[in-house]
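Each remark here refers to the structure printed beneath this line.
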Amino acid sequence: MKHTLSILFLLTCIFSCSNKTVPTMVNTGSTNEITYLALGDSYTIGEQVPSKDNFPNQVYSLLKKENTHFAEPRIIAKTGWTTDELEEGIIAANKSEPLLDKYNFTSLLIGVNNQYRGRTVENYKSEFEALLKKTIQFAGKKEEHVVILSIPDWGITPFAKERDSNQIANEIDAYNAAAKEIATKYKVHFIDITPSTREAVNDNSLLASDGLHPSGKEYKKWAELVAIFFKSKMPANK
């Protein structure tokens, strides 16, 4: 009995008598899990397709076969978001369901709504760079574990048939050139999926039912490219 009381007294002193605050556990997830955070807009959340068919979840499906520790992705994305709205969305998401301290991999695809709303490339560059810095931070400051995907060209879709497709293409190209320049500056991997999205002009199967967003078939092409890159950085399966 005396021995038990001594242990209780010792524990009480550790937590009550000390002037130091008891440290809070850092939320890093399971030590065995390989985690992935995907940031973006409709092209990341997968507007008009089942969630399993968006590109982050297809990346998960592909890599789960390669490594059983690959966890389902955390996706922070919403149709219509611009760069500044994604920034706000990340803050809101962290409040509702706290993000991990760091992820093994992160991806960023954002900007089409900036272009659609007529914002300047210069405005995009500054906000995109700020988002990329945050994306790298989420990857534990490992820039080699970060992927940027280029902005698809929606100007070739039936949705844009009354618009100037050449102007849209030129503006998308300017945005993507800016994103690639920033990616190079921070030494992160840039995947150019824009040429693939332009193939939809002759292949409707690459588009969802709304005639604007990509289909699961198109997302699969992106997912394969992302998965190949992530796989090259992953530890061997156990």
Conditions (1) touching a Gly at 6+ places or on another chain (Cβ under 9 Å); (2) at pLDDT below 95: number failed by residue 39: (2)
Restricting the stretch 159-171 to residues that are over 14 Å from residue 198 (Cβ atoms) and of a type outside the set (D, E, K, R), the residue that is surrounded by the fewest Cβ atoms within 10 Å (Cβ to Cβ): 167
Among the candidates 141, 180, residue that is basic (Lys, Arg), in a loop (DSSP other than H, G, I, E, B), at pLDDT 95 or above and closer than 30 Å to residue 233 by Cβ: 141
Search result, residues across the stretch 209-238 that are of a type in the set (A, V, I, L, M, F, W, C) and buried (at least 21 other Cβ atoms within 10 Å of the Cβ): 222, 223, 226, 227, 230
Criterion (over 28 Å from residue 32 (Cβ atoms) and not in a helix (DSSP H, G or I)) met by exactly one of 168, 151: 151
Number of the exception - residue 212 against (1) outside any loop (DSSP other than H, G, I, E, B); (2) closer than 23 Å to residue 120 by Cα: (1)
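For every residue, the table says whether it meets (1) in contact with a Ser or Thr (Cβ under 8 Å, 6 or more places away or on another chain); (2) within 17 Å of residue 46 (Cα to Cα); (3) of a type in the set (Phe, Trp, Tyr).
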position	(1), (2), (3)
165	no, no, no
169	no, no, no
180	yes, no, no
183	no, no, no
198	no, no, no
202	no, no, no
218	yes, yes, no
Test: residue in the stretch 148-167 that is among the aliphatic types (A, V, I, L, M), at pLDDT 95 or above and over 22 Å from residue 205 (Cβ atoms): yes
Sole exception among (1) surrounded by 19 or more Cβ atoms within 10 Å (Cβ to Cβ); (2) β-branched (Val, Ile, Thr); (3) within 28 Å of residue 50 (Cα to Cα) for residue 194, by number: (1)
Residues satisfying the stated conditions in the stretch 170-192, i.e. of a type in the set (A, V, I, L, M, F, W, C) and without any contact (Cβ under 8 Å) to a residue 24 or more places away in the chain: 177
Some residue of the stretch 85-99 being surrounded by fewer than 17 Cβ atoms within 10 Å (Cβ to Cβ) and in contact with a Ser or Thr (Cβ under 9 Å, 6 or more places away or on another chain): no
Subset of the stretch 191-209 [part of a helix (DSSP H, G or I) and charged (D, E, K, R)]: 198, 199
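The values are calculated or read from the model by the stated rules, or taken from the named source; none is laboratory data. All figures in this text were calculated on a predicted structure; none of them were measured in a lab. As a convention, Cβ positions derive from the backbone with ideal geometry for all residues, glycine included, and neighbour counts pool all protein chains shown.
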